[in-house]
1. Tell me which of these A:GLU213 doesn't satisfy, since it passes every other one: (1) in a helix (DSSP H, G or I); (2) within 25 Å of A:CYS101 (Cα to Cα); (3) acidic (Asp, Glu).
2. Name the residue that is nearest to the other protein chains (Cβ to nearest Cβ), counting only residues in the range A:64-93 that are under 23 Å from B:LEU144 (Cα atoms) and in a helix (DSSP H, G or I).
3. Output yes when any residue across the range A:50-63 is surrounded by fewer than 20 Cβ atoms within 10 Å (Cβ to Cβ), in a loop (DSSP other than H, G, I, E, B) and of a type in the set (Gly, Ala, Ser), and no when none is.
4. Taking the conditions exactly as written (surrounded by 17 or more Cβ atoms within 10 Å (Cβ to Cβ), away from chain A (no Cβ under 14 Å), more than 15 Å from the chain's Cα centre (by Cα) and not small (Gly, Ala, Ser)), does B:VAL241 satisfy them or not?
5. Just for strands (runs of 3 or more DSSP E) wholly inside the range B:1-80: which have at least 2 residues that are of a type in the set (D, E, K, R)?
6. Pick from the range B:165-183 the residues that are buried (at least 20 other Cβ atoms within 10 Å of the Cβ) and farther than 14 Å from B:PHE14 by Cα: which of them is farthest from the other protein chains (Cβ to nearest Cβ)?
7. Regarding A:ASP228, is this residue away from every other protein chain (no Cβ under 14 Å) and either assigned to a helix (DSSP H, G or I) or in contact with a strand residue (DSSP E or B) (Cβ under 9 Å, 6 or more places away or on another chain) (or both)?
8. Quick one: is A:GLY297 of a type outside the set (Val, Ile, Thr), within 14 Å of chain B (Cβ to nearest Cβ) and either surrounded by fewer than 18 Cβ atoms within 10 Å (Cβ to Cβ) or in contact (Cβ under 8 Å) with a residue 12 or more places away in the chain (or both)?
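The values are calculated or read from the model by the stated rules, or taken from the named source; none is laboratory data. The model shown is predicted, which means the values in this text are computed figures rather than measured ones. Because the Cβ atoms are built from the backbone with ideal geometry, glycine has one as well, and the counts that use them run over all protein chains shown.
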Amino acid sequence: MTSLKTRAPTLPRYPEQPLLHLETLWIQVAGTVCNLRCRHCFVSCGPGDERHALMPRGEVRARVGEALSLGVKEFYFTGGEPFVHPEMVEILADTLVEGPCTVLTNGTLFKPRVVDALAHLASEARYALEVRVSLDGATAAEHDTFRGEGSFARAMAGIALLGARGLLPIVTVTPHTDEDDQAFRERYLAMLGAAGLSRPRLKVLPLFRLGREAARTRGYHGIETLADLPPSAFDPARLQCGSCRAVTSRGVFVCPLLVDEPGGRMGARLDQALGAFTLSHGACSTCYVTGMTCANG
Amino acid sequence: MRERVTVAHRLAVFGGVYSNHAALAAVLADIGARGADLAWCLGDVGGFGPHPDRSTGILRAAGVPMLRGNYDEAIGHDRADCRCGYSDPRDQRFAQISYDYTVARTSADHKAWMRDLPEQQRLSIAGRRLLLCHGSPRRVNEFLWESACSDAFLEWLCQTHEADVIVCGHTGLHWHRTLPSGRHVVNAGAIGRPANDGRTGVWYAEIALGDGVDVEFRCVDYDVEPLAAEMEVEGLPAEFVATIRSGWWTTCLENLPAKERMRGRY
């Protein structure tokens with residue numbers, strides 16, 4: 001009898017990332033609602049986009065409570081644009097009683113009244129309040145290409161206002177060319193110094209080929225994954241998903257980058273989302289290769 | 001890790017000496033004058049200051065027990081860098097200058113001593129479980145900043161590591177928190193450089209254990225000028241010397257949370 005030898009198709013094997021401890025809870029407080037419609041947004045946010053809705057203040061409190069019972073260290077607020085949320089300042093005030101908070105913003109919606117309230121919170125709270133403003137260029141010509149005409153001027157006005165009120169914003173920048181790292185940093189630091197920031201703080205983040213960016217340039221190629229990374233080479237402490245989860249109005253996700261990706265959702269509640277995550281996404285390879293974290297450190 | 005049961009009720013703890021032999025001598029004199037029952041150094045004897053063997057010699061001669069900090073681990077094994085955990089390139093550049101200077105001037109005997117130091121130490125005093133560590137109980141170079149650690153997180157650390165009192169260092173800034181459960185976390189700061197407060201004196205912690213846990217931070221002044229002059233002669237960065245003379249940090253600032261950064265000048 002002849003046997004037909006069939007070879008089972010070789011499935012890619014991806015590393016499993018355990019949650020070592022919940023250090024950081026990302027709260028996508030503004031969902032996918034944003035005042036801008038950036039060409040490279042990895043969650044494709046925009047005005048009136050409620051795929052992920054604004055999270056009510058009470059729901060934020062409940063999520064914060066869930067995370068505190070797990071020993072969470074700090075909270076991050078993102079969107080969309082957090083300051084489209086009518087209760088953003090109150091939400092920060094609530095949460096700063098419980099732990100350190102960072103809010104990620106495009107910087108274009110800061111009115112003096114809001115910045116005064118943030119400065120008051122930053123000085124009175126027992127925990128740190130960090131304000132992170134995203135830029136995609138050190139000039140209007142560069143930045144506005146991604147974020148829309150006039151957005152650079154408004155973001156810089158926001159940054160200047162934060163600085164003038166004594167806050168120390170962290171400016172988050174993403175390189176869009178292969179410029180030398182040090183030259184890139186120095187260019188931004190010089191620009192921020194010239195804009196009046198006496199102590200500019202800079203965080204550099206890589207570009208993720210997700211959401212609108214995938215359509216603008218390209219998505220991840222099939223080979224840009226962690227498939228078949230040898231277990232001996234895998235460092236479970238390297239990735240932020242070993243220490244974070246993200247919540248939106250639609251549930252709990254592995255990290256703030258994969259809230260719109262298939263398989264990114266891990267459950268309805270945090271205690272259902274504490275298991276290991278299969279690192280099968282192209283974005284996982286970006287995080288792993290660059291060693292980046294969305295957190296401040 | 002061995003647990004030491006001790007009847008000592010007053011414990012003096014200091015962090016990072018950073019080769020500041022002048023501050024070390026002044027702090028040891030203060031501890032002696034105060035009559036603490038026990039003293040511990042939380043590690044990082046080298047870095048930043050001049051002539052690293054002087055501080056190590058003083059510490060060893062005094063017989064003060066010491067933990068192995070990230071710096072001691074690196075120096076002891078002649079590693080390529082200090083593994084301080086800086087994320088900013090400028091901070092890392094300055095750290096590398098100190099490290100290269102220190103590793104080249106630390107004797108083989110001191111390096112061997114550093115390799116054998118314990119990474120952590122448990123003590124049982126007045127019925128309380130103390131855990132002495134360098135950065136945190138889980139990572140030697142973890143920064144536990146006061147404004148960046150929720151109560152919930154610190155409770156979790158104490159519970160996971162079976163400690164009623166965690167005593168740590170590494171950040172260079174001292175703080176103490178009594179947690180809702182009654183546990184304590186004490187960051188002893190560092191004595192090698194000032195606490196970014198515009199004072200040139202350096203800080204250490206005195207922990208009294210009895211019915212309660214009382215923590216007092218003591219600021220010790222020393223003659224900064226001879227040390228600053230030595231640093232200049234050794235060609236150490238002018239930024240480091242300015243910190244010794246002014247009490248304000250000029251480097252290693254980018255890891256600071258906003259709250260701690262706002263308190264400083266730079």
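1. Result: A:GLU213 fails condition (2) only.
2. The residue in question is A:LEU68.
3. Within the range A:50-63, one or more residues are surrounded by fewer than 20 Cβ atoms within 10 Å (Cβ to Cβ), in a loop (DSSP other than H, G, I, E, B) and of a type in the set (Gly, Ala, Ser).
4. Yes; evaluated as a whole, the condition is true for this residue.
5. In the range B:1-80, B:3-6 are the strands (runs of 3 or more DSSP E) which contain 2 or more residues that are of a type in the set (D, E, K, R).
6. So the residue we want is B:VAL165.
7. No.
8. yes
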